[in-house]
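Asker: Let me begin by handing over the structure; questions about it come next.
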Amino acid sequence: MNNTVIKSLSEIDTKTFTAIYNRYLQALFKNISRIIFHRDIAQDILHDVFFKLWENRHKFNDEQSIAPWLFTVSYNMSISYVRRLITEKKYISLQMPKSPEEDLFQQNDARFEELREEILLDVIRLLPNRKKQVFELCKLQGKSYAEAGAILGISPNTVKEYMNASIKFVKSQVLEKYAAESVVMLYMLALSLQY
């Protein structure tokens with residue numbers, strides 16, 4: 001794609017827009033599907049991204065500005081959707097009158113926590129021994145890098161490197177092995193793995 005193509009995009013050229021759509025469609029869908037596991041919802045978000053591109057087509061001057069914009073917007077829209085789900089769940093639980101059914105919600109929350117812990121422990125066991133020790137000390141027991149380093153006889157910088165590598169590994173394994181699980185549950189697990 002060259003500058004004349006981008007120029008024609010800003011001049012409301014539907015043929016150029018279609019070319020951009022075809023070029024980035026699959027990559028954007030894959031990007032969205034890493035966060036949104038429900039195919040229909042991911043497709044809706046994808047269409048919203050391209051609608052937003054059409055609305056903002058006059059802002060682009062070159063090819064380099066389109067791809068990053070598309071990927072940033074697709075990521076932000078996906079995260080917004082997940083946040084909305086979480087907010088709606090919290091709002092609904094606050095609005096529910098006290099009733100026998102409330103116990104069922106509490107049981108579901110407890111089951112959610114059990115499932116999250118099960119998944120996390122299942123993936124942690126796949127880590128190499130030293131990285132597993134670092135992860136357990138820092139993430140599960142709340143030790144600082146210095147404390148974990150002293151326990152394991154390694155430097156805090158090595159602990160930090162192991163921790164970063166472990167978190168990346170755990171996140172990728174969760175996405176790979178548990179893609180069929182609830183998007184909200186996986187999002188909450190990802191939040192618990194933030195540095």
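The values are calculated or read from the model by the stated rules, or taken from the named source; none is laboratory data. Bear in mind the structure is a predicted one, so any value in this text is a computation, not a measurement. Because the Cβ atoms are built from the backbone with ideal geometry, glycine has one as well, and the counts that use them run over all protein chains shown. Each accessible area value is taken on the protein alone, full model and side chains, heavy atoms only, with ligands, DNA and RNA left out. Shrake-Rupley method; radii C 1.70, N 1.55, O 1.52, S 1.80 Å.
Asker: Among the residues that make up the stretch 160-169, is at least one of them modelled with pLDDT of 75 or more, open to solvent by 70 Å² or more (accessible area, probe 1.4 Å), polar (S, T, N, Q) and out of contact with any Cys (no Cβ under 8 Å at 6 or more places or on another chain)?
Answerer: To start, the set of residues in the stretch 160-169 that are modelled with pLDDT of 75 or more comprises 160-169.
Filter once more, so that each one left must be open to solvent by 70 Å² or more (accessible area, probe 1.4 Å): 160-161, 168.
Cutting the leftovers down to polar (S, T, N, Q) gives us none.
No: zero hits.
Asker: Test of understanding: among ASN76, ASN31, which residue is surrounded by fewer than 16 Cβ atoms within 10 Å (Cβ to Cβ) and not basic (Lys, Arg)? Walk me through how you get there before you give the answer.
Answerer: Numbers: ASN31 fails: surrounded by fewer than 16 Cβ atoms within 10 Å (Cβ to Cβ).
That would be ASN76, the only listed residue that is surrounded by fewer than 16 Cβ atoms within 10 Å (Cβ to Cβ) and not basic (Lys, Arg).
Asker: Here are the criteria: (1) more than 13 Å from the chain's Cα centre (by Cα); (2) of a type in the set (Ser, Thr, Tyr); (3) modelled with pLDDT of 55 or more. Tell me which single one TYR195 does not satisfy.
Answerer: It is condition (3) that TYR195 fails.
Asker: Can you name the residue in the stretch 125-149 that is assigned to a helix (DSSP H, G or I), at pLDDT 85 or above and surrounded by fewer than 14 Cβ atoms within 10 Å (Cβ to Cβ) and, of all such residues, is farthest from the chain's Cα centre (by Cα)?
Answerer: Only one residue tops the list, namely ALA146.
Asker: Would you mind telling me which numbered condition in (1) at pLDDT below 90; (2) closer than 30 Å to GLN173 by Cα; (3) part of a helix (DSSP H, G or I) ILE35 fails?
Answerer: (3)
Asker: With (1) modelled with pLDDT under 65; (2) surrounded by 13 or more Cβ atoms within 10 Å (Cβ to Cβ) as the list, and LEU152 as the residue in question, which single condition is left unmet?
Answerer: It fails just one condition, (1).
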